[in-house]
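Here's the structure we're looking at; comments come further down.
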Amino acid sequence: MQICVVGTGYVGLVVGTCLADQGFRVMCVDRDAEKISSLDAGHLPIYEPGLEDILRRAYREGRLSFSTDLASSLDGADVVFIAVGTPSADDGSADLSAVMTVADEIGEKLTAPATIVIKSTVPVGTAKRVRARIAAKTDHAVHIVSNPEFLKEGAAVADFTHPDRIVVGCDSAAAVGVMQRLYQGLVRTGRPIVFMDNQSAEITKYASNVLLATKISFMNELARLCEAVGGDIEAVRMGTGSDSRIGPKFLFAGAGFGGSCFPKDIRALAWMGKTAGVHLEIPAAVERINAVQKRMVGDKIIAQLGPDLSGKTIGIWGLAFKPRTDDVRDAPALVLIAQLLAAGATIQATDPEAIEAAKAALSTQDGFDRVHFVDSSLEAAQDADAVVLITEWSEFRNPDFTALKAKMRSPVIYDGRNVLVPEVVCQAGFEYHGIGRLPSA
């Protein structure tokens, strides 16, 4: 089976590389000639653990290729994945311009029947629109499949090769057969391929992400309640998550969520409801809660150190929206830094992978000249009036508290992810502030 993947962003690159690793011949296509040239040289435009080694091996063994020429890449392809971006438009809807452009080009350049798989995150009804766009430009038979991705940044390779489930929306037995063959190597351990209609598959993607975001946001609201009445959100999490009907995942309170998926999918689901005449209250509530939560640590710092932070230095541990990625899109760290800069603070920030991305994202921020990027957590703490752990990279979880205290002007730690042990921090002579945990000293 020969596969063409259109788009070499996060999703397209992971899907194409992992399918090539499964033994298929895969051509990844992108208009960005510089990116394709870089991929041909074995350099990835993203940081994703394990992906580079697989890509280089599949490329070396001739199963993975890269091109800017869609026409030649479609020649002989049995399956064509659409994996281009669908960013949020101003009204919250998903911008489908790239998807529709690709659909038009596929229709114009297709030379034989094929199965078209929509991997991009798209609103309900997109498969129908793609089918119409392609059919208007070709007489070749095509099957349109909705196959949403459920890849976590930082664990995408494992998520692809060991999926919880694979969701496939289609309306033909032929498409079912193609998708079963495509994914047969990934479901041998009993993980299901869940077949359904296209519309249901499209909604399932948004339902999954918004439900996960809802769990996070509910715990963040409970964290505020804990701080107000004297409870401990970690004890609440353990007690609640032990219920088998609820489970422990995505119940960690913190400084809010970011990334490329949850924020835009929340907005897109709310938009879908609005256009269908169905008022969906939960997505809007989750978005509001998260916006407040992202400012929570900054509010605590300003409440303690005063509204004028001129002359104060704050160390920031973590810039990516989550560990094991260099992605800073909608990252809580960027909101925190902007908040502290507006109050006059100087920032010393570090991250194992996301410094360059954060520089680009913050470059137009007022006060950017007061942001200093450093290589280690100890450097970020040098002469700091407080340190904030905002991204839970493993290397930040067990600091050398003796060395850290010697570096800092004031031994104060804000744990924006509740990953430090308060008793250990306090015994080392620090003042500890978590999320939903009472201040300790």
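The values are calculated or read from the model by the stated rules, or taken from the named source; none is laboratory data. Nothing here was measured: the structure is a model prediction, and the numbers come from that model. For neighbour counting, all protein chains shown are included, and Cβ atoms are generated from backbone atoms with ideal geometry for every residue, glycine included.
Some notes on this structure:
- Residue within region 78-89 that is over 29 Å from residue 271 (Cβ atoms), out of contact with any Asp or Glu (no Cβ under 6 Å at 6 or more places or on another chain) and assigned by TED's automatic domain parsing to the domain that holds residue 22 present: yes
- Residue in region 285-292 that is of a type in the set (A, V, I, L, M, F, W, C), without any contact (Cβ under 8 Å) to a residue 60 or more places away in the chain and touching a Phe, Trp or Tyr at 6+ places or on another chain (Cβ under 9 Å) present: no
- Taken over region 48-57, residues that are within 20 Å of residue 68 (Cα to Cα) and in contact (Cβ under 8 Å) with a residue 24 or more places away in the chain amount to 1.
- Of the residues making up region 146-165, those that are within 13 Å of residue 117 (Cα to Cα) and over 13 Å from the mean Cα position of the chain (by Cα) are 146, 147, 148.
- Residue 159 vs. criteria closer than 28 Å to residue 324 by Cα and in contact with a Phe, Trp or Tyr (Cβ under 7 Å, 6 or more places away or on another chain): yes
- Residues in region 19-47 that are crowded, with 23+ Cβ neighbours inside 10 Å and either over 23 Å from residue 71 (Cα atoms) or out of contact with any Phe, Trp or Tyr (no Cβ under 7 Å at 6 or more places or on another chain) (or both): 19, 20, 26, 27, 29, 30.
- Residues within region 153-170 that are free of Cβ contacts under 8 Å to residues at least 40 places away in the same chain and surrounded by 15 or more Cβ atoms within 10 Å (Cβ to Cβ), tallied: 6
Quick grid of which residues meet (1) touching a strand residue (DSSP E or B) at 6+ places or on another chain (Cβ under 6 Å); (2) farther than 21 Å from residue 306 by Cα; (3) not hydrophobic (A, V, I, L, M, F, W, C):
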residue: 326; (1), (2), (3): no, yes, yes
residue: 346; (1), (2), (3): yes, no, yes
residue: 354; (1), (2), (3): no, yes, no
residue: 365; (1), (2), (3): no, yes, yes
residue: 384; (1), (2), (3): yes, no, no
residue: 409; (1), (2), (3): no, no, yes
residue: 418; (1), (2), (3): no, yes, yes
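- Qualifying positions in region 76-95 - out of contact with any Pro (no Cβ under 8 Å at 6 or more places or on another chain), surrounded by 15 or more Cβ atoms within 10 Å (Cβ to Cβ) and on the phi < 0 side of the Ramachandran plot: 77, 78, 79, 80, 81, 82, 83, 84, 85, 86, 89
- Look at (1) farther than 20 Å from residue 366 by Cα; (2) of a type outside the set (A, V, I, L, M, F, W, C); (3) out of contact with any helix residue (DSSP H, G or I) (no Cβ under 7 Å at 6 or more places or on another chain) and you find that residue 248 fails only one, number (3).
- Leading residue by the ranking (nearest to the chain's Cα centre (by Cα)) among those in region 40-94 that are hydroxyl-bearing (Ser, Thr, Tyr) and over 21 Å from residue 160 (Cα atoms): 88
- Candidates in region 140-154 are the residues that are among the aliphatic types (A, V, I, L, M) and assigned to a loop (DSSP other than H, G, I, E, B); of these, the one that is nearest to residue 19 (Cα to Cα) is 151.
- Any hit, region 261-272, residues being within 30 Å of residue 423 (Cα to Cα) and surrounded by 14 or more Cβ atoms within 10 Å (Cβ to Cβ): no
- Listing of helices (runs of 4 or more DSSP H) fully contained in region 1-68 that carry 3 or more residues being in contact with a His (Cβ under 8 Å, 6 or more places away or on another chain): none
- Residues of region 413-424 that are in contact with an Asp or Glu (Cβ under 9 Å, 6 or more places away or on another chain) and crowded, with 21+ Cβ neighbours inside 10 Å: 413, 416, 417, 418.
- Within the option set 325, 350, being assigned by TED's automatic domain parsing to the domain that holds residue 308, crowded, with 21+ Cβ neighbours inside 10 Å, closer than 20 Å to residue 263 by Cα and among the polar types (S, T, N, Q) holds for one residue only, 325.
- Residues that are touching a Pro at 6+ places or on another chain (Cβ under 6 Å), small (Gly, Ala, Ser) and in a helix (DSSP H, G or I), drawn from region 233-267: 241
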